[in-house]
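First the structure, in the form of structure tokens, and then the observations on it.
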Amino acid sequence: MIRFSFVPLAAAALFATAPIAQAQQHILGDYYAYGRNADGSAYEGTVAISGNGNGTVTVAWSVGTDYSGTGVLNGDVLTVEWGGDHPAFYIVMPDGELHGTWNDGTGLELLTRTPR
């Protein structure tokens, strides 16, 4: 009879998410948002990125209207499903800014730690 132990599998799953959680730590926090809608109009507001403890983050925008989504950081690309037809994509820059696009590339957004 072969016996399987699920304890090593559970431990492996736990430690597999640890590097993901550590990698996303540098993007967590509050940001100032500066964006352009598809029609060219500008907007400003704030964004909060918080960790969910499962390798994902919650992104909450307050930019005249409130939005919320769930994101995954893969390398330096943050992909956020926010309820639109297309996800928002952000590149994490070396200086900590997030440069993003949404609405299938027709909307642009910059997230900074300090106001501009």
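The values are calculated or read from the model by the stated rules, or taken from the named source; none is laboratory data. This structure is a prediction, so every number in the text was calculated from the model and none was measured. When we count neighbours, we look across all protein chains shown, and the Cβ atoms used for this are built from the backbone with ideal geometry, even at glycine.
Would you pick out the residues in region 73-107 that are of a type outside the set (Gly, Ala, Ser) and buried (at least 16 other Cβ atoms within 10 Å of the Cβ)? Steps first, please.
Of region 73-107, the ones of a type outside the set (Gly, Ala, Ser) are 73-74, 76-82, 85-87, 89-95, 97-99, 101-104, 106.
Of everything in region 73-107, those that are of a type outside the set (Gly, Ala, Ser) and buried (at least 16 other Cβ atoms within 10 Å of the Cβ) turn out to be LEU73, LEU78, VAL80, TRP82, PRO87, PHE89, TYR90, VAL92, GLU97, LEU98, THR101, TRP102.
Residues in region 97-116 that are at pLDDT 95 or above, out of contact with any Ser or Thr (no Cβ under 8 Å at 6 or more places or on another chain) and assigned to a loop (DSSP other than H, G, I, E, B): ASN103, ASP104, GLY105, THR106, ARG113, THR114, PRO115. Considered as a group, the residues in region 23-37 that are modelled with pLDDT of 95 or more and either of a type in the set (S, T, N, Q) or over 14 Å from the mean Cα position of the chain (by Cα) (or both) include one that is surrounded by the most Cβ atoms within 10 Å (Cβ to Cβ), and that residue is GLY35. Determine if region 40-63 includes at least one residue that is in contact with a Pro (Cβ under 6 Å, 6 or more places away or on another chain) and surrounded by 15 or more Cβ atoms within 10 Å (Cβ to Cβ). The answer is no, given that none of the residues of region 40-63 is in contact with a Pro (Cβ under 6 Å, 6 or more places away or on another chain) and surrounded by 15 or more Cβ atoms within 10 Å (Cβ to Cβ).
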